[in-house]
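The structure appears below as structure tokens.
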Amino acid sequence: MDQLQTDVASLTISANILWVLIAGFLVFFMQAGFALVETGFTQAKNVAHTMMMNMMVFCIGAVGYWICGFAFQFGAVNYTYPATAISAGQSSPTWAFSPVTLGAWGDSLSTGLRLGEQWGLIGLSGFFLQGVTLGAAGIFAFFIFQMVFMDTAATIPTGSGAERIKFVGFVLMGFWVSMFIYPIIGNWVWGGGWLANLGRTLGLGNGAVDFAGSGVVHMTGGAVGLAIALVLGPRLGRFNKDGTANAIPGHNIPMGILGTVILFFGWFGFNPGSALGIQGAFIDLVSLAAANTLMAGAAGGLSAMLYMWLISPVKKPDPALSVNGVLAGLVAITAPCAFVTPISAVIIGLIAGVLVCLATFALEKMQIDDPVGAVPVHFVNGVWGVLAVGIFAAANPDTAAWNGIDTAVTGLLYGGTTQIAAQFLEVISITAFAFGLSYAFFAVLKQMRLLRSDPEAEMAGLDLPEMGIPGYVTDLPGLAGLTPQAGLVQPAATVLSPTASK
Amino acid sequence: MQLALIENSESDNHLIPFYLRIEVAALSPDLQTPFFIPIRYQHFRDRSIYRVEICGIPLEARTAADLVPRIEKIIPSLLRGARLPSYIFIARHSRRIYPVYTFGSEVIAAITGGPLFRHIELAKVREYLADYLYQTGELWPPPTHDRLHVRGVDRLTLGLIRPVFYLKKRAQFATDNEFWAPVFPEVDGSGLYTYAASAKRAAPNNQGQEVLQLRSMVAQALIADHRLSQGDDLRTDRLMPDLWLQLRTHLIDCSAQFSSPRLELKLYQADQTLIAMEYRRDEDRYSLYFGRDVEDLRFRAATDLLRRGLIPHPEALNCQETTVEPAPMPS
């Protein structure tokens, strides 16, 4: 009988690890989606540069995260607070933040910097994955899963800086996000840090709750994107002297839409995978998260399309904003996906779709150039997703004991009055930390001439000056100056060289 | 796309020996097709040259047949969204050209690897495009200050058409708007049109009075759009001589003129409005200023002439009486 129990427990952990690995691989594939979306919605002359950023951000981020990112984020994840928990009368006094679904982790990853017992600031063990035994399958699976999450956050700003960022600036940004910005915020919310403990320290609901990272991943990436867009300034010709904006159309709408579908698919690893298990009650979270992800993404796309078609001055079902509506819905449901009902998921998605349109217009008014809409999608809807937990969380019993608080996560609409405060604190702290520090970092890079490409390179396209090869090769050199392909979405070659009669 | 050379059987066939008939199936239904492109012939220093101009792009060859494959390549490169250009901007100094397309009520200029400049008013598109070209160094910046001239594209021959006049309003203070709109004849010659205040404004032919009718229509639209405070701020610039001659028959000569050492502006009256006419000798065009009384008109004209450096100070423009001349009959 004991053997049977042991075998079942082992199988349970194996199944959970397998699920986390599969989910991680799905999230990894999202990188293809990001690459296609960003490249499709930017110009043909920058296609090699944009694609390279989306590939290399993974390589840069993976190494950076392995060096210190994982350690900063989860180096103290096994640290427990039994005394505090007991004094609070909780039934789970040995609560730790390590994913119990993935097996026992021993004493590894339990060192960090904190103020007192509860206010964790940063993890300090696990640098280069040192100290982890080679048989710790759960930790390695967890590392992969978290690394691809970090990669998502690091990819987002490349869209905001697209078409005018120097490649060297991008490389430094990749290390900046993967080694410092993302891991530290991740520590606060998922690594047992001070935001996660707000329930125990200040009595704010279950502390900051962010199931799959509307805040940790998307807000962080969006805030860094906003900082880089502001420091870089707009692309040449993006805004007129009178403040109006000129469209700089993407060169391949099918590429952008295909990328969105890939992202949507990958999101089923992103959100359901964040349950970090599939056995027992975890399958409930997985299925609920999957259904809510599907509905919010669909609702976001629908509301953005209808808003552009019926309400906005454009009066067309704009493909770019419909795409961003889908992504906005997905971003917004990322935090609350396991805590809310499907009806709430649809409402969250519908609002997200409109928010992304309004935010896009607002950015234009403020003359902030964000070529692929990373800020409206990821930052604005990341904020909305984090706050939505505090509003719509339906006291799902499977979420009891979240962050060491015995009660389930409960939002305003279900009688939970303090959860929203924890969510607000998450929004404020992520914004201040990610945006503030990144703005300063990019300002320094700009001063060192490492950030913005030369105007000549920007006009010619970054492919040749920065990458050394064009993204597309035409076999009609004689018509190179004259042969744009028809269609409004395709920027047209217009400069001819005649001696026209006046 | 089908192209065919057709011999010209008219009396001008020594100048235009052929027409090139072009039928483009892919064009939008609102565009007249087929096109008939005149192929001009020149004999110069023992050389025969055939020339053609497609939307401002000049081509030449030894034989008319040699032009055909070149035109066959040019036309697709000019197509955008199943349309050919409605207008062409031409840089004054560099002579580079920038096609402009009309989609519904919007005009759009697109730059390879650059922004899409779109607005209901051509003037705005020109302003946005020029700013971009200054920024990128493609247009010479001040003091050389290259400019973009506008031409219409003839819907039958794909040749360039000069605007018959412009409606213009200068900014009068720091935050004031400028306004500028070229006026073209309708494709069927039934009247004049321009785009202003987000709509097409058209006036049917009326023996020259359509000039003032269109100006008045645009002024009212701009006032309603809060872009113009007084209708007289909008003036008629560079009016074609034939239109001026027609219009003049409807104006009352005031037997007065504004004069300065370098120029004279004759005064006319139309209803309650006073008009000062400046003949622009270098272009053989006529510019009209409008005012409610002599001093108001003098001030408006002097302000513009001062800006153009034609008078040293506003008081240099004086009002003088003249003898009445009979109005010429329109040709």
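Taking other C-beta atoms within 10 Å as the exposure proxy, A:S178, B:S94, A:S274 rank B:S94, A:S274, A:S178 from fewest upward. Taking the square roots of 5 times each eigenvalue of the Cα gyration tensor of the range B:162-321, largest first, gives ellipsoid semi-axes of 24, 19, 14 Å. For the range B:1-79, the convex hull drawn through the C-alpha positions has a volume of 94 cubic angstrom per residue. Across the range B:116-123, rounded Karplus estimates of 3J(HN,Hα) from the backbone phi angles (6.51 cos²θ - 1.76 cosθ + 1.60, θ = phi - 60°) give 9, 9, 9, 6, 6, 9, 4, 4 Hz, Gly and Pro being marked x. A straight line joining the Cα centroids of the range A:436-450 and the range B:130-174 runs 39 Å.
Distance between the pseudo-spin-label points of B:L306 and A:A421 (7 Å out from Cα toward the beta carbon): 6.7 nm. How many angstrom separate the Cα center of the range B:202-258 from the Cα center of the range A:202-231? Using only Cα atoms, the two centres lie 60 Å from each other. At full extension, A:F128 and A:D242 could sit 35.8 nm farther apart than now, given 0.36 nm per residue minus the alpha carbon distance. Projecting label points 7 angstrom from Cα along Cα→Cβ for A:D284 and B:N177 puts them 6.2 nm apart.
Other chains near B:104-113: what is the mean number of their Cβ atoms within 10 Å of each residue's Cβ?
Per residue, the average neighbour count from other chains is 6.
Spatial offset of the range B:91-107 relative to the range A:368-386 amounts to 35 Å, using the alpha carbon center of each.
Quick one: P(r) of chain B from all Cα-Cα pairs, 20 Å bins, percents rounded to integers, in order of increasing distance. Taking every Cα pair in chain B, the percentages come to 27, 53, 19, 0. Peptide B:91-97 has a mean of 4 when you count, residue by residue, the C-beta atoms of other protein chains within 10 Å of its C-beta. Distance between the modelled labels on A:F140 and A:F265, one decimal in nanometres: 2.7 nm (7 Å Cα→Cβ projection).
Exposure proxy for B:D46, A:D369, B:D253, A:D7: other Cβ atoms within 10 Å of each Cβ, ordered fewest to most, give B:D46, A:D7, B:D253, A:D369. Size descriptors for the range B:1-154 (Cα atoms only): Rg and Dmax, in that order, 17.5, 50 Å.
Our helix-only sum for chain A, with -39,500 (n - 2.57) per DSSP H run of n ≥ 4 divided by its residues, gives a mean residue ellipticity at 222 nm of -16500 deg cm²/dmol. For helix A:282-306, what angle does its Cα long axis make with the longest principal axis of chain A, in degrees from 0 to 90 and rounded to 10? For helix A:282-306, the angle is close to 30 degrees.
Available extension along the chain between B:A199 and B:I223 is 7.2 nm, counting 0.36 nm per residue and deducting the alpha carbon span. Kirkwood hydrodynamic radius computed over the protein assembly as shown comes to 30.7 Å, based on all pairs of distinct alpha carbons. Once backbone amide H atoms are built at 1.01 Å from N, A:A208 has A:A196, A:N197, A:L198, A:G199 as its partners under 5 Å, excluding neighbours fewer than 5 places away on the same chain. So what does log10 I(q)/I(0) come out to for the range B:97-136 at q = 0.25, 0.30, 0.31 Å⁻¹, using the Debye formula with one equal point on every Cα and no solvent? Once normalised to I(0) and log-transformed, intensities are -0.79, -1.08, -1.13. Helix content alone sets the calculated 222 nm mean residue ellipticity of chain B: runs of n ≥ 4 DSSP H residues at -39500 (n - 2.57) each, divided across all residues, give -6500 deg cm²/dmol.
What residues of the range B:280-298 lie in the reach of a label at B:R92, counting those whose backbone N is under 14 Å from a point 7 Å from the Cα along Cα→Cβ? Hits in the range B:280-298 for B:R92 at 14 Å: B:282-283. For the range B:304-315, the Karplus equation 6.51 cos²θ - 1.76 cosθ + 1.60, evaluated at θ = phi - 60°, returns couplings of 6, 5, 4, 4, 7, x, 8, 10, x, 7, x, 6 Hz by residue, with Gly and Pro reported as x. In this structure, the pairs whose alpha-carbon distance is over 21 Å, taken from A:K45/A:K315; A:K241/B:K169; B:K73/B:K200; A:K241/B:K124, are A:K45/A:K315; B:K73/B:K200.
Fully extended, how many nm does the chain gain between A:S10 and A:V473 (0.36 nm per residue separation, minus their Cα-Cα distance)?
Answer, rounded to one decimal: 161.2 nm.
With a ≥ b ≥ c taken as the square roots of the eigenvalues of the C-alpha gyration tensor of the range B:85-161, please select rounded if a/c is under 1.5 and otherwise prolate if a/b is larger than b/c or oblate if it is not? It comes out oblate by the Cα gyration axes. FRET efficiency for the B:H145 to B:Y279 pair, using the beta carbon distance and R₀ = 30 Å, is estimated at 0.75.
Straight-line cross-link partners of A:K316 among the aspartates and glutamates, defined as a Cα under 20 Å from its Cα and at least 8 positions apart when in the same chain: A:E364, B:E106. For the range A:352-363, the Karplus equation 6.51 cos²θ - 1.76 cosθ + 1.60, evaluated at θ = phi - 60°, returns couplings of 4, x, 6, 4, 5, 5, 4, 5, 5, 5, 5, 4 Hz by residue, with Gly and Pro reported as x.
Listing B:L251, A:L121 from fewest to most neighbouring C-beta atoms within 10 Å gives A:L121, B:L251.
Since every read-out is calculated from the coordinates, none of them should be taken as a lab result. Predicted model only: the values in this text are computed from it and were never measured. Glycine gets a Cβ as well: all are built from the backbone with ideal geometry, and neighbour counts include every protein chain shown.
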